[in-house]
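Each remark here refers to the structure printed beneath this line.
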Ligand code: PMP
């Protein structure tokens, strides 16, 4: 396939590479695992991106999840513009922070109190510190392939860019830190039981992406999340649901609403910032009260509760409340999934397309994907070929076999018909 003609992007990338490590400010953007060079985006509206070379792409990355209303939604833009009239940062409480907390607590019944921060990484880092501070224990359990941001304790067997770039365990994380993180296979109840038995009274908490979105998309086996809840409760460890990706994306109350599970702590990000940088950690009041200034667990942020980010996030959450688009998004993504599966079946091409609501991924394998090992057993080279065929024809999927695709409410029939045609045609070329 001829390389896409993108002189403006290529020129920007050449300049970027001289000054920015890898030419990008977040590794997956570099296209290393799929090959080729990234395009630069100069504008994004609704379901589409416009590249620096004026190519229009139907976007299924949605800025890695936040853009559930599509890009540059007028209500979010207006909310930011209104907030901007009054200043960009105050460093003292502002009214938006209270409204944001009220909205989050309203939709997440497990959250009684919430602290805003600036990224998902900060949220999970704080949740881990809280779990350790509250239980006076040091060890945490995470699951292989789950990605919880890039703090030291959590960059162990991580997914997303860390996995894509072959650094699931990062250089620079002291072995002594990594030793406090027990990594288990996802969806394996026996491994969890064994880990608790082997470390009595030592495990502060278990952090999990309740539906994994950073290793491709993986849905837990029935009963798995309930098992996590029961075992953590029995052993006095906290259960932390990392819903940075799934919060407000699959339901207003995240996976915990869908599955009827009550974690002790929840981390949020992405959608609650309406496209501006944000994160949040929330949960039971008695746990959250351990945070400074009321408690001994320290956490802070110069820009936390930033008025522009709060205004954007509040607008995004209110839209979700008004529109309740979840059933429609699920139906649309389901149609896309069916088209891909039937095209692949007709070709005799083994693929898996796990999907819930507006999240899905395409694995080139004949076996169901239920953990990191089965995700890694899929054919990543085939995914790269699929990715480029789609990109060439105008559909932008995540530039890695180990990421999730997202739909937004701006993906209308016309986008989905066209995208489905392009993705199915790409499968037909195999
Ligand atoms: N947790 C999950 C589940 C995520 O998907 C991500 C980012 N993709 C993070 C945490 C980290 O969030 P951020 O990139 O905002 O630091």
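Just to be sure before I move on: is residue 139 touching a helix residue (DSSP H, G or I) at 6+ places or on another chain (Cβ under 6 Å) and surrounded by fewer than 23 Cβ atoms within 10 Å (Cβ to Cβ) in the structure I sent? Taking the combined requirement at face value, the residue does not satisfy it. Residue 29 falls short on exactly one of the conditions (1) part of a loop (DSSP other than H, G, I, E, B); (2) surrounded by 12 or more Cβ atoms within 10 Å (Cβ to Cβ); (3) within 16 Å of the ligand (Cβ to nearest atom), and that condition is (1). Residues that are more than 15 Å from residue 124 (Cα to Cα), in contact (Cβ under 8 Å) with a residue 40 or more places away in the chain and in contact with a strand residue (DSSP E or B) (Cβ under 8 Å, 6 or more places away or on another chain) within the range 232-252 comprise 237, 248, 249, 250, listed in sequence order.
Just the residues that are at negative phi, crowded, with 21+ Cβ neighbours inside 10 Å and part of a loop (DSSP other than H, G, I, E, B), please, taken from the range 293-315. Across the range 293-315, the qualifying residue is only 306. Take the residues of the range 151-160 that are in a helix (DSSP H, G or I) and surrounded by 23 or more Cβ atoms within 10 Å (Cβ to Cβ): which is modelled with the lowest pLDDT? Among those that are in a helix (DSSP H, G or I) and surrounded by 23 or more Cβ atoms within 10 Å (Cβ to Cβ), it is 160. Please verify whether the range 11-25 includes one or more residues that are within 30 Å of residue 314 (Cα to Cα) and either touching a residue at least 12 places away in the same chain (Cβ under 8 Å) or surrounded by 14 or more Cβ atoms within 10 Å (Cβ to Cβ) (or both). Scanning the range 11-25 turns up at least one residue that is within 30 Å of residue 314 (Cα to Cα) and either touching a residue at least 12 places away in the same chain (Cβ under 8 Å) or surrounded by 14 or more Cβ atoms within 10 Å (Cβ to Cβ) (or both).
Here is a yes/no grid of residues against (1) assigned to a strand (DSSP E or B); (2) buried (at least 24 other Cβ atoms within 10 Å of the Cβ):
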| site | (1), (2) |
| --- | --- |
| 206 | yes, yes |
| 222 | no, no |
| 225 | no, no |
| 229 | no, no |
| 234 | no, no |
| 239 | yes, yes |
| 245 | no, yes |
| 249 | no, yes |
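Taking the range 60-150 as the region of interest, the helices (runs of 4 or more DSSP H) fully inside it that hold 3 or more residues being farther than 22 Å from residue 186 by Cβ and either touching a strand residue (DSSP E or B) at 6+ places or on another chain (Cβ under 9 Å) or within 16 Å of the ligand (Cβ to nearest atom) (or both) are 95-107, 120-135.
Taking residues in the range 128-152 that are free of Cβ contacts under 8 Å to residues at least 40 places away in the same chain, and partners anywhere that are surrounded by 24 or more Cβ atoms within 10 Å (Cβ to Cβ), the pairs with Cβ atoms closer than 7 Å and at least 6 places apart or on different chains are 151/124. Only one entry of 361, 342 meets the criterion of being within 16 Å of the ligand (Cβ to nearest atom) and over 30 Å from residue 113 (Cβ atoms), and that entry is 361. For residue 313, the stated conditions hold: it is in contact with a helix residue (DSSP H, G or I) (Cβ under 9 Å, 6 or more places away or on another chain) and modelled with pLDDT of 95 or more. Of 375, 410, all but one fail to be touching a strand residue (DSSP E or B) at 6+ places or on another chain (Cβ under 8 Å) and part of a loop (DSSP other than H, G, I, E, B); the exception is 410. Residues in the range 339-359 that are in a loop (DSSP other than H, G, I, E, B), surrounded by 20 or more Cβ atoms within 10 Å (Cβ to Cβ) and either out of contact with any strand residue (DSSP E or B) (no Cβ under 8 Å at 6 or more places or on another chain) or without any contact (Cβ under 8 Å) to a residue 12 or more places away in the chain (or both): none. Considering (1) in contact (Cβ under 8 Å) with a residue 60 or more places away in the chain; (2) within 15 Å of the ligand (Cβ to nearest atom); (3) closer than 23 Å to residue 376 by Cα; (4) surrounded by 21 or more Cβ atoms within 10 Å (Cβ to Cβ), the lone condition that residue 165 does not fulfil carries the number (4). Against the numbered list (1) within 22 Å of residue 280 (Cβ to Cβ); (2) away from the ligand (no atom under 15 Å from the Cβ), residue 233 comes up short only at (1). Considered as a group, the residues in the range 259-292 that are within 15 Å of the ligand (Cβ to nearest atom) and part of a helix (DSSP H, G or I) include one that is nearest to the chain's Cα centre (by Cα), and that residue is 270.
The values are calculated or read from the model by the stated rules, or taken from the named source; none is laboratory data. This is a predicted model, so every value here is computed, not measured. Neighbour counts are summed over all protein chains in view; Cβ atoms, including those assigned to glycine, are modelled from backbone coordinates with ideal geometry.
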